[in-house]
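What follows is one structure encoded as C-alpha cells, with my remarks underneath.
Every number in this text was worked out from the coordinates using simple rules, so none of it is lab data. Computed from a prediction, not measured in an experiment: that's the story for all the values here. Positions of Cβ are generated from backbone atoms using ideal geometry, with glycine treated the same way; all protein chains shown enter the neighbour counts.
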Amino acid sequence: MSKKMTKEELLAKSQQPSIDAMRLHPFYKGKLGVMPKCCIRNFDDFAIWYTPGVAKPCLDIRDNPEKVFEHTNKGNMIAVISDGTRVLGLGDIGPEAAIPVMEGKAILFKYLGGVDCVQICLDTKDPFGGFNLEDISQPKCFRILDTLRRECRIPVWHDDQQGTAAVTVAGLINAVKIVGKDMSKVRVAMLGAGAANICIARMIALAGVKYENMIMCDSKGILNRAREKELVESYKEKWEMAKVTNGGNVSGGPAEAIRGADVLIALSKPGPDTVKPEWIKSMAKDSIVFVCANPIPEIYPWDAKEAGARIVATGRSDFPNQVNNSLGFPGIFRGTLDVMARTITDEMCLAAAEAMAKCAEDIGMREDYLLPTMDEWQIYPREAAAVGRKAIEQGVARLNLTYEELLAKAEKTIKHSRESFHALQDNGFIEMP
C-alpha cells in the first residue's frame, strides 16, 4: 500500500505537467499532423484520388448531396474553432497562443473518439461559425452557439458549455447516490455565472435538480430578481437564470450562497483561495464540492476535505474525481456522427452523462471515483451509442441504428484509431522523447 502524500508532495506533483509541457511541446513542434487514409500503391493512384478521377465522385455529390458522406470524410471530420478570447483559465491570450490547446483537443478527439479533427484559431473577436466551439468569451459564446444550432444542418457544439455540463452532471449523479440524497431535493450553490455554469444549471435541471433549489453567484453577488435592471441591460442569460433560480430570493455573496448547500459547483476564478474553508464548513452534512477552475481549483481538495466536504472533484487529472471534458466530447461526437445527427441537443448530452455515470457505477464508484478515467476506453462507445439513440428518438438523426449496432460501430472505429497511434509509435514513425 502506497504511503499518503504530503501537501508539499501533492503540490510538486501538480506542477510537473507544466514542466514536462515546456520540454515536450518544442520537441514535437506541434501535436497534430495529416496522414492519408487511402492506399497509395504507386503514383498512378493519384489519378484516382485527384484529377482526373476525382471529378466523377464530385459530380455524383452534385447530383446526390447525401453522397458526400459516402465519398468523403465529411461524416467523421470536425473543426475545433477558437478566437483565443477565453482559453482555459488564462483569459484573452489571442489566437496564436490558443493553438496548443486546440491541437491537444484535436488529438483527444482522434485517440479517444476516433473523430478526425482540425484546429482553426481565428484572429477575430467577431461572432463566427464552426463545429466544436472552444474557449470563446462570454456572452457572445451563447449567441454564437444558439444561432449555429438553429441555422446549421451540421452538429455545432461549445465544449465549455455542453462538454463541461455533461461531465459535471455525470459526476453529480453518482455523488448524490453515494451520499444518499435525492436529486430533486438537493440545494446547489453555483459559484461563477459564466457559460459553463449557466449550461450546467440547465442540464442538472434536466437531471432532476429544481431551479428554485439553485443559487448562482457571479463576481458582483448572488443572482436574484433585485438585479433586473443591471442584468437585463448587460447579460440576458444571467437574467434568465436570476428569474428561475434562488427560490428564496437570497442576497449577498459567495458565503451566503454556499451556506447550507448540499452541493457546490464552482467554475470561477482559479484558486487556491477563491473558496474559503469556512464556507465549506457552513455547508450541509455530507457536502459535495466540485471546484473546477483551471489550472488551479478554487480550493485544494485536501483543504476542502479538512473543512468537512465528503466528496471533492476538480478539473485536474492529478487529483481524484477529475471532471474533464475529455470524458465527454469524444464519445458525444462519435455518437452524433455515427447517426449523422443535424445538431447536438441538451438531451443528447444528458444521455452521455447518464452513460458516463453508469459506466463508473459498473466499474465500482466510490467517494474518490465518481467518473471513469480516460484510459477506461469502454466509456466512449457506450456514450456514443446512448447519444446516437437519443438523437434518433428526438428526430435529429439521418440514420436509424439500434443501440447494439451503434455500440459495435463506435467500438470498431475507436479501436482502429487507438491501434493506429500505437503502431506509429511502435514502428518509430512517432519519435519517442
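Computed values, structure above
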{"quantity": "Nearby aspartates and glutamates by direct alpha-carbon distance to K4 (threshold 20 angstrom, same-chain neighbours under 8 apart not counted)", "calculated": "D303, E306, D318, E367, D368"}
{"quantity": "Lysines with Cα under 17 Å of K31, excluding same-chain neighbours fewer than 8 positions away", "calculated": "K105, K110"}
{"quantity": "Volume of the Cα convex hull of region 288-433, divided per residue and given in Å³", "calculated": "138"}
{"quantity": "Tilt relative to the chain, helix 346-363 - C-alpha long axis, 0 to 90 degrees, to 10", "calculated": "80"}
{"quantity": "Relative exposure of F43, F329, F290, judged by other C-beta atoms within 10 Å (fewest first)", "calculated": "F43, F290, F329"}
{"quantity": "Principal axes of region 361-410: Cα extent on each, largest first, Å", "calculated": "39, 20, 15"}
{"quantity": "Taking all pairs of distinct alpha-carbon atoms in the chain, Kirkwood radius in angstrom", "calculated": "22.8"}
{"quantity": "Fewest-first ranking of C359, C349, C199, using other Cβ atoms within 10 Å as the exposure measure", "calculated": "C359, C199, C349"}
{"quantity": "Extension reserve of the K269-K74 stretch, reckoned as 0.36 nm per residue once the Cα distance is removed", "calculated": "66.4 nm"}
